[in-house]
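Student: First, the structure itself, so that you have it in front of you.
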Amino acid sequence: MHVAWTLPEIVEQIFSELDDGDNEPPRLTGRPSRNGSLTALVRTCKNFKLPAINELWASASADTLLRYIIPHILVIDSGGKKERITNMKPLSATDEANLCEYSCAIRTLTFSSAVPVDAPVLQALVSSPDMVSKIFPRLGHLNIEFWSAPLVPHYLAFLARIQHLSVSSYGQAEECRVAADFLELMAGQRSDLRGLELMYPLSRFESAHEGHCQCRKRYMELVRRFAHLQSFVGSELDHVTAQHLSCLPTLEFLKVMFPVRGVAALPSVSLAFPALVAVDLSATLCSDVLEFLHKFSRFPPTLHITSVTRPTLQESEQLFSAISTTSSPIDGVEGLRLDCKQSGYAFTELGVSATLHSLSPLLTYASLRVVDWRFTCPVALSNADLAEMGRAWPLLEELRLIDEHPATTASTTLDGVFALAKLCARLQHLALPVDVSVVDHIPLHDPANGLRHERLKSLNVGCSRMVPGCCVNLAIIFAQVFPSLQTVGLVAETGRSGAGRKASLDAQLNDALGILRLARKEGRIALWTGEDVRLMLIPYFGVSPAPQRRMSRSGSIHRRR
């Protein structure tokens, strides 16, 4: 074995670069494929054990620690479903050493409501702050979901170690009161806390139950006692707490799950947020979020909005204009994202279109990396517009301009996509209406004048009217120009424009790209216009490529076979 593998720093760096895996349910760190890779590496070499533990156990729940490491007593209710850990057996010196080998890696510890850990367990495990320091020397983030009064003194033993606290209170009024009591003790002892997350269900707190109403008001009062927060995540804000947070010189991240109460009634309010780097806001109505944002005297570099409804074109343009007014090109705007969870709220504006003029206030920000926006009207961008956007945003990694007007024929073609890709070498995700039916002028042997964009991973082009053989040409073009492309989104329309039959071709295109990637890797593609390539694609589309026309330098048209 090479001597480099004996250096923990090198091994840890390699392990930290492992891919995060897929979206299966989490176990320890929430990254199952990555966990499997780390476990396999541990079994390969003893020098890999410590770095793997540091990654696998970076985030863990108390019940996971007990299940896998510590001898404990597990009680299951009479229904055979609800479990809770009621006590633990005394630890021997060997047990304690084994525990510390794993617990020393934990940076985020969760006390889950799914499998509650009772007070006797914590009493035996961490009877004092010194024990916490010994067992959890790297702990920085504490996440508490389960609340009962006997547990509060034991939770307080962790205060000296942590910089970030997450409080989730989804129980009855008494549990919410206990959580508020703990937060008040926390504010008295650790007002220098750097990160605070305070989550509770507003649907329950908006009820007439007096206990919930009191807790809701008390939570907001307690948030205002923390004067050094760098991040705050909460279910809601009232206008007083919003003003308090906006004045903090340290606050860099703000995430609020529902609209800020009372801000609309105070037109003179201006929220400074001098150090804010990113804001993440959610609401049912997008207009509520926009109303809050217009109170900002300075926009952060990254803005993420989640709502059920989409903003009108006018509201979008007003927001873009406000961003350009309050954010200088020097400070930079890096990301702008709108996620819409439409459920019966979608509507389409008629007679208007989102054009380059709509986005023009953002073109001054060369630092933009993400532009992800949903419009209530057609997106009308020309190939020249895409080229101008590429020149304005050379660092662009994601561009999604979603058109919710599928009956409209896009004015952008693949030529515009190629022009954007040439100017944005970092582009990884692209989604906008593109007319991909116009491809017969593109030579299959060199579709984009030598362009080979290695970074693009996903491409969604919306809806196009397709003719037989066109998808085969598309697959050959995409495989050459975008060799790393993993997913393509395309809805094909046949028949009369706007009234024809629509069918998704995502699966066929993605499978075809996969087989072409494999064939290229194995050296089975000598010529992209060869008959062998066509034969590979027939199982996916059932037809050979459509006859192609090639424009010569003199302007005459030649038919390619």
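The values are calculated or read from the model by the stated rules, or taken from the named source; none is laboratory data. Just so it is clear, the structure is predicted and the values come from calculations on it, not from any experiment. Glycine gets a Cβ as well: all are built from the backbone with ideal geometry, and neighbour counts include every protein chain shown. When the accessible area is computed, the model is the full protein with side chains, heavy atoms only, and any ligands, DNA or RNA have been set aside. Shrake-Rupley method; radii C 1.70, N 1.55, O 1.52, S 1.80 Å.
Student: Got a number for residues in region 104-147 being assigned to a loop (DSSP other than H, G, I, E, B) and under 33 Å from the mean Cα position of the chain (by Cα)?
Tutor: The qualifying residues number 17.
Student: Turning to a different aspect of this structure: Which of the residues that make up region 419-464 are part of a strand (DSSP E or B) and either open to solvent by 60 Å² or more (accessible area, probe 1.4 Å) or among the small types (Gly, Ala, Ser) (or both)?
Tutor: 431, 458, 460, 462, 464
Student: (1) free of Cβ contacts under 8 Å to residues at least 40 places away in the same chain; (2) farther than 20 Å from residue 153 by Cβ: which one isn't true of residue 85, the others all being true?
Tutor: It is condition (2) that residue 85 fails.
Student: Separate question: Does region 96-148 hold any residues that are acidic (Asp, Glu) and open to solvent by 50 Å² or more (accessible area, probe 1.4 Å), and which are they?
Tutor: 96, 101, 130, 145 - these are the residues of region 96-148 that are acidic (Asp, Glu) and open to solvent by 50 Å² or more (accessible area, probe 1.4 Å).
Student: With respect to the numbered conditions (1) open to solvent by 10 Å² or more (accessible area, probe 1.4 Å); (2) closer than 21 Å to residue 233 by Cβ, which one is the sole condition not fulfilled by residue 198?
Tutor: Looking at each condition in turn, residue 198 falls short on (1).
Student: Oh, and also: Kindly indicate which of 503, 507, 492, 519 is touching a Lys or Arg at 6+ places or on another chain (Cβ under 8 Å), outside any loop (DSSP other than H, G, I, E, B) and free of Cβ contacts under 8 Å to residues at least 40 places away in the same chain.
Tutor: Result: 492 is the single residue among 503, 507, 492, 519 that is touching a Lys or Arg at 6+ places or on another chain (Cβ under 8 Å), outside any loop (DSSP other than H, G, I, E, B) and free of Cβ contacts under 8 Å to residues at least 40 places away in the same chain.
Student: Could you tell me which residue of region 354-407 is modelled with the lowest pLDDT, considering only residues that are in contact with a Ser or Thr (Cβ under 8 Å, 6 or more places away or on another chain), in a loop (DSSP other than H, G, I, E, B) and of a type outside the set (A, V, I, L, M, F, W, C)?
Tutor: Restricting to residues being in contact with a Ser or Thr (Cβ under 8 Å, 6 or more places away or on another chain), in a loop (DSSP other than H, G, I, E, B) and of a type outside the set (A, V, I, L, M, F, W, C), the top hit is 405.
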